[in-house]
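A.B. asks: Next up is a structure, given as structure tokens.
The values are calculated or read from the model by the stated rules, or taken from the named source; none is laboratory data. Please read these numbers as outputs of a predicted model, since none were measured by experiment. Positions of Cβ are generated from backbone atoms using ideal geometry, with glycine treated the same way; all protein chains shown enter the neighbour counts.
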């Protein structure tokens with residue numbers, strides 16, 4: 001299992017991306033959080049409010065998730081991170097069943 005971490009500019013876009021990944025059965029669950037991000041972009045420091053989507057999925061879905069997110073994400077270079085995770089067996093069984 002992996003956790004997908006995606007930063008997005010607005011809650012509306014975050015819900016759109018999460019909904020798309022859920023409908024395509026690429027993730028079983030999404031959590032959406034507001035965050036404050038600071039980063040360098042084109043020679044300047046940015047300090048922006050963003051939204052993070054955390055998606056729970058199978059490791060084999062990562063490449064397809066990247067492809068799907070890059071098609072609909074508003075950023076030129078979206079942040080799409082893959083984080084390995086472990087969970088309790090009941091949760092892992094549920095997660096796997098939701099993506100069949």
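A.B. asks: At least 3 residues that are within 12 Å of the chain's Cα centre (by Cα) and surrounded by fewer than 11 Cβ atoms within 10 Å (Cβ to Cβ) in each: list the strands (runs of 3 or more DSSP E) lying fully within the stretch 1-99 that qualify.
C.D. replies: Passing ranges: none, list empty.
A.B. asks: Quick one: would you say residue 16 is in contact with a helix residue (DSSP H, G or I) (Cβ under 6 Å, 6 or more places away or on another chain) and at pLDDT 95 or above?
C.D. replies: Details: in contact with a helix residue (DSSP H, G or I) (Cβ under 6 Å, 6 or more places away or on another chain): no; at pLDDT 95 or above: yes.
No; evaluated as a whole, the condition is false for this residue.
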